[in-house]
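Below you'll find the structure, written out as structure tokens, and then a few comments.
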Amino acid sequence: MKKEYIKPYIKKQTAGIMNKFGVSYNKGHREDILGIPIGNFTDKFGSPVFVLSEKLIRERYRKIYSHFSSKYPKAKMSWSYKTNYLDAVCSIMHQEGETAEVVSDFEYQKARRLGVPGNKIIYNGPYKPIESLKVAFQEGAMVNLDNFDELIKAEDAAKSINKKVPVGIRVNMDTGVYPQWSRFGFNIENNSAFNAVKRIQHSENLYLEGIHCHIGTFMLDPNAYREAVKKVVALMRKIEIMFKINIKYLDFGGGFPSMNKLKGTYLPPEVSVPPVEEFIDAVADTLLEELKPDEYPDVYLETGRSIIDEAGWLITSVDAVKRLPDGTKSYIIDAGVNLLYTSTWYNYKVEIDRELHGAYENSVIYGPLCMNIDVVVESAFLPPLPIGTRLILSPMGAYNVTQWMQFIRYRPAVAMIMEDGSLEEIRRPETLDDVVGPERIPEKLKKFEL
Ligand SMILES: Cc1ncc(COP(=O)(O)O)c(C=O)c1O
């Protein structure tokens, strides 16, 4: 076959393209996702489109749960709704046996609507309206309190329904990782956690059942979990002795990293992110060291991004190519920060839908918004991309389809590759009616002439 002619060119060299292993993170192309050609997705669902894999979600969940449950006898997992609360995704998690972990009344209602019983919901978060606390208490949810004002609110809620209800407390502590996540929950070191327990145990309407923490997110050091387990078990023991009660559950939250590339990290995730087993070992081994065999409480993990991030992609298309005045190559694509809030902290992997020839250049990828902040990828090393080229951005499974916003454009479809290889639309693209549905025009504003 005759080789394609490539016009000779002089290329300005830019430092910093290669990392020390001589590879560029962004270089590469892919013609399919799990065997399905990229064009099939855009033909069927349009562009852009989010794609999730049922198989990869289940596999990853099973890997984490089986490792955890093989090490700790009362291992439980609860799906962090905010990571991805599409009904189809939550249904997979619930089929696998995960309960629901919610952080707002909206998420609580969404879990209930999907059929999760109240007593299989963990209700976390710093803001729980009193009406939703009443419902949660009536339905037997595990409510973890965040602060003293919420504690008083919880007492009022329980009193108003004439019940004495179990609660947990969220705690924070120094785990050796800085900046410390101290804004959620009661601090252990300054005794506020213990004081909260005292207050609960003296209450006529509340009693303590559990201790919860979530020490941070995208944690890169498993040792932080060792510290957390030690401190939480020590607190549990102090409470049990002092108040002669048994703590029913401990909850170590989420926070295990995915294989996304955090901005500011030099090494690729394959090098900088420890395997998830190391985090589970840190939790489970420390629990076995610290606990006596006759006092094993239920232990929950609320792992989010580590389960689902790699099971998701975004397919987007190049709409225009532009050279900036300083010579930088730039592309405008049809998905921006409206859909990709996570671009604030990640350098996604960028793959092209086919092999393209030509001089690779450091390029900026802009979204379609008429906003200066709409930068999806600050620097991708790419060959010249013809208009219409599809880019596959990943990992995309976590936090995008919950943190996206309807700003000047409709939110696109989300497709799922089912275990049998078929494709399902699990969220259709939005329409004008979806967006204007809640609006109302006062009578006097209904007419105008231009
Ligand atoms: C209380 C709680 N649990 C679980 C998670 C899931 O965290 P991740 O996705 O880092 O595993 C979060 C996320 O911030 C959280 O706030």
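Just so you know, all these numbers are worked out from the coordinates, no wet-lab data involved. The model shown is predicted, which means the values in this text are computed figures rather than measured ones. No Cβ is skipped: glycine too gets one built from the backbone with ideal geometry, and neighbour counts run over all protein chains shown.
In vacuum, with every alpha carbon of the chain counted as one equal point scatterer, what does the Debye formula give for log10 I(q)/I(0) at q = 0.11 Å⁻¹? Two decimals, please. So the normalised log intensities work out to -0.94. Going from the residue with the fewest nearby Cβ atoms within 10 Å to the one with the most, Glu351, Glu204 rank Glu204, Glu351.
Here the stretch 141-194 is described by how far its Cα atoms reach on the three principal axes: 43, 19, 15 Å, from widest to narrowest. What lysines does Lys292 reach when the alpha-carbon gap must be under 16 Å and sequence neighbours fewer than 8 apart in one chain are set aside? The qualifying lysines are Lys71, Lys74, Lys230, Lys231, Lys238, Lys248. When the Gaussian network model of the chain links Cα atoms closer than 10 Å, the mean-square fluctuations of Asp281, Asp251, Asp43 top out at Asp43. Note on Glu289 and Glu240: the extension gain reaches 15.8 nm, defined as 0.36 nm multiplied by sequence separation minus the Cα-Cα distance. In this simple spin-label model, placing a label point 7 Å from the Cα along the Cα-to-Cβ direction at both Glu189 and Asp298 gives a separation of 3.2 nm. For the stretch 398-448, chymotrypsin sites (Phe, Trp or Tyr not before Pro) meeting the loop criterion (DSSP other than H, G, I, E, B) and having at most 10 other Cβ atoms within 10 Å: Phe448. The residues Thr175, Thr303, when put in order of fewest to most other Cβ atoms within 10 Å, stand as Thr175, Thr303. Straight-line reach from Lys110: taking Cα to Cα under 22 Å and skipping same-chain neighbours fewer than 8 places apart, the lysines in range are Lys76, Lys82, Lys120, Lys128, Lys134. Between Thr402 and Glu378, what is the spin-label point distance in nm, taking each point 7 Å from the Cα along the Cα→C-beta axis? It works out to 2.6 nm between the two label points. Exposure proxy for Tyr225, Tyr300: other Cβ atoms within 10 Å of each Cβ, ordered fewest to most, give Tyr300, Tyr225. The angle between the Cα long axis of helix 148-160 and the longest principal axis of the Cα atoms of the chain comes to about 60 degrees, rounded to the nearest 10. Estimated translational diffusion coefficient (Stokes-Einstein, Kirkwood radius over Cα pairs, 10 °C, 1.306 mPa s) of the stretch 151-284: 98 µm² per second. The lysines within cross-link reach of Lys261, meaning a Cα-to-Cα straight distance under 19 Å and a gap of 8 or more places when in the same chain, are Lys20, Lys27, Lys349. A Förster distance of 22 Å, applied to the separation of the beta-carbon atoms of Glu139 and Arg62, puts the FRET efficiency at 0.15. Please list, in order, the residues from the stretch 376-409 whose amide nitrogen is less than 16 Å from a point placed 7 Å along the Cα→Cβ vector of Leu432. In the stretch 376-409, the label zone of Leu432 (backbone N under 16 Å from the point 7 Å along Cα→Cβ) covers 408-409. Site pair Gln180 and Ile441 shows an inter-label distance of 5.6 nm when each label is modelled 7 Å from Cα along Cα→Cβ. The Rg/Rh ratio for the stretch 54-308 is 0.95, where Rg is the radius of gyration of the alpha carbons and Rh is the Kirkwood radius.
Oblate is the label for the stretch 85-225, because the ratio a/c of its alpha-carbon gyration tensor axes (a ≥ b ≥ c) is 1.5 or higher and a/b is not greater than b/c. For the pair Gln95 and Ser272 in one chain, pulling the backbone fully straight at 0.36 nm per residue adds 60.5 nm over the alpha carbon distance.
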